[in-house]
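Heads up, the thing below is written out as structure tokens.
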Amino acid sequence: MSVMHNKSKLMMTSLLISFGLSTTALASEPTTASDENYDALKSEISELRDQIAIMQELLKQQGIILQDKVEPEVSKAEIQKLKKDVKKIAKVAKSAEEWKNTNSTVHLAGYASAGFSKQAGTSGSFSQAQFSPIFHYQYKDKVLLESEIEVKILEDGSTDVGMEYLTIDLVLNDYMALIAGKFISPLGQFRQNIHPSWINKLPSAPAGFGHDQAAPVADTGVQLRGAIPMGDSDMRANYAVYVANGPELMLDGTEIEEIATEGVTRDQDGKKVYGGRVGFNPIAKMEIGLSVASGKAAIALENDRSYNVLGADFTYQWKKLDLRGEYIRQNVGVLVSSAAPESWQWSSWYMQGAYKLPNNFEAVARYSDYDSPHASQDQRQLAIGLNYLFAPQVITKVSYEFNDGLAGTSAAANRIRAQIAYGF
Amino acid sequence: MRIYKTTYFVMVLTALAIIATSPGIATAKDAKPDAKNTTEVVKDTKGNFARGAKLWANRCSSCHNMRDPKDLTDSEWEATIMHMRIRAGLSGQDTRDILVFLQKTN
């Protein structure tokens, strides 16, 4: 384009020169050969010569400019190389597009934590190193396989590997998915929503919300989960209903020592547990949940007895404040023929408030009260903590637990804890 | 007795599944009855950015700290939002809306 432009400029200039020359020539009248005329002619010619020189100089300059503007000659090899490069880039672009639009997606998520704890009167130890990768394999927006593997170091240095959950989730429609496998108990909120260490604002679970305590941890079976249609409203509601093998009861002498809810794949009592939770969001950033479950449970080799769960939970965020609380209760009924014939109940509740402070600090306080059938396990706990958030999912925590329980038991000992947790 | 109860529960689950999958009930189309083009009109298969932004702000901080859209790539968000859909009981439409928002702002 600029070459063309310069060419036409050049043509114009030469036209002007020839025109200028001819007009000058015509204007002069070389008719008389007088001296005066001769002199005039002479000076005119020298003037013209000067003009031509100027014009030539101008032309020369134009030429230089032209030469500069002309793209340097491109060799065939270079063109060939360029073509190759373009092909390569096109291929990369295409593969990126293909990758973006694949039917299947593989994704690795999860969390890890390292912790320290010190019980009053002891020297304390670096007590936790845990890695919990979560594998996601997704097919379109129809299927999700989710599995969390929990790998942790035990007190003696050995490694414990557990399958926290594995489910294949089939999306049936916009409001329902079928979930099959071993899942985190859908009852209540702590176990299914809060227990991962990067989410939990304190290094420990509330009293009664640990393994084999008041809150059911996991189960193996099937679930239906999803949203409850709410029309055009800003309110939301969700549900989860399930049928699963249910818990097992551990006998110790004439007492039920604990209720194990780890999601076994056998059903000792031969009868299933049915239950579910409904969550309701009346306004943004608030959820209220109600959970119930019912079925049978048994001590190995004994007859089955009734098993019931009842729970209520809430969560609310307001500005920098995060509030949540939960009550959960599991009980098993009377069985006269049992070695532990009475009815047994495990219940607990907690309330927690967390406040985001300036500079990524966060203060937390939680009160929990666990009531088990065994006085030695009962615990009332006030935990206060200070967190620093390196990122929303990378959190360092320091906490102090004031524990109240049966004198002399570990449930009654106060504790300092510290933890670094990373969700990825 | 035990068989009855199981059968009963399975029947209830099946009925729920059938009801929820039937096109007459599945979407919010009843809210906007458009005689010609019902499902397409209401079921926005691509997702809506503005709705997604609002839902993200309202729904994504109730269990854990809000995650930055920039934390993940488009495809990672796909799997993560599917994960959250199941965990939090989000509707398909809310999921699509939030996904569009996250993929456009990451």
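The values are calculated or read from the model by the stated rules, or taken from the named source; none is laboratory data. Keep in mind that what you see is a predicted model, and the values were worked out from it rather than measured. Heads up, the Cβs are rebuilt from the backbone with ideal geometry, glycines too, and the neighbour counts pull from every protein chain shown. Only protein heavy atoms, including side chains, enter the accessible area calculation; ligands, DNA and RNA are left aside. Shrake-Rupley method; radii C 1.70, N 1.55, O 1.52, S 1.80 Å.
Annotation: aspartates and glutamates with alpha-carbon distance below 16 angstrom to B:Lys70 (same-chain offsets under eight excluded): B:Glu78. Here is the list for segment B:39-106: trypsin sites (Lys or Arg not before Pro) lying in DSSP coil, each with at most 11 other C-beta atoms within 10 angstrom of its C-beta, are B:Lys46. Each Lys or Arg adds one and each Asp or Glu takes one away; over the other residues whose Cβ falls under 9 Å from the Cβ of B:Gln103, this sums to -1. With 0.36 nm allotted per residue and the present C-alpha distance subtracted, the A:Val398-A:Val336 stretch has 17.5 nm of extension available. When the accessible areas of A alone and B alone are added and the area of the pair subtracted, with a 1.4 Å probe, the result is around 4400 Å², both sides summed.
Pairs exceeding a 28 Å alpha-carbon distance, out of A:Lys182/A:Lys356; A:Lys201/A:Lys271; A:Lys285/B:Lys46; A:Lys285/B:Lys104: A:Lys182/A:Lys356; A:Lys201/A:Lys271. The trypsin sites (Lys or Arg not before Pro) of segment A:319-424 meeting both criteria, a DSSP state outside H, G, I, E and B (loop) and at most 16 other C-beta atoms within 10 angstrom of the site's C-beta, are A:Lys319, A:Lys320. For chain A, the Kirkwood estimate of hydrodynamic radius, built from reciprocal distances between every pair of different alpha carbons, is 28.0 Å. Here the spin labels are modelled as points 7 Å beyond Cα on the Cα-Cβ line, and at A:Ala93 and A:Val74 they lie 1.6 nm apart. In the context of the full set of protein chains, segment A:158-205 has a per residue accessible area of 27 Å² (1.4 Å probe). At a threshold of 30 Å², the residues of segment A:130-147 that become less accessible to a 1.4 Å probe in the full protein assembly than in their chain on its own are A:His136, A:Gln138, A:Asp141, A:Leu144, A:Glu146. With the biggest extent put first, the Cα atoms of segment A:343-409 measure 49, 25, 16 Å across the principal axes.
Stretching A:Val292 away from A:Asn360 to a fully extended chain increases their span by 20.7 nm, per 0.36 nm per residue minus the current alpha-carbon distance. Across segment A:168-250, C-alpha contacts under 8 Å between residues 6 or more apart give a mean separation that, scaled by the residue count, equals a relative contact order of 31 percent.
Taking 0.36 nm per residue of separation and subtracting the current Cα-Cα distance, fully stretching the chain between A:Ile52 and A:Leu323 would add 88.3 nm.
In this simple spin-label approximation, A:Lys140 and A:Ser158 carry label points 7 Å from Cα along the Cα→Cβ vector, and these lie 4.7 nm apart. Using the beta-carbon distance between A:Glu44 and A:Asp85 and R0 = 60 Å, what value does 1/(1 + (r/R0)^6) give for FRET efficiency, to the nearest 0.05? Computed FRET efficiency for A:Glu44 and A:Asp85: 0.45.
Here chain A exposes an accessible surface that is 62 percent carbon and sulfur, computed with a 1.4 Å probe and the other protein chains kept in place. Is segment A:241-357 rounded, prolate or oblate when judged by the Cα gyration tensor, a ≥ b ≥ c being the square roots of its eigenvalues, rounded requiring a/c under 1.5 and prolate requiring a/b larger than b/c? Cα axes put segment A:241-357 in the prolate bin. Measuring nothing but how far apart in sequence close Cα pairs (under 8 Å, 6+ apart) lie, relative to its length, chain A scores a relative contact order of 11 percent.
Here is how the number arises for chain A: DSSP H runs of 4 or more residues each give -39500 (n - 2.57), the sum is divided by the residue count, and the result at 222 nm is -7500 deg cm²/dmol.
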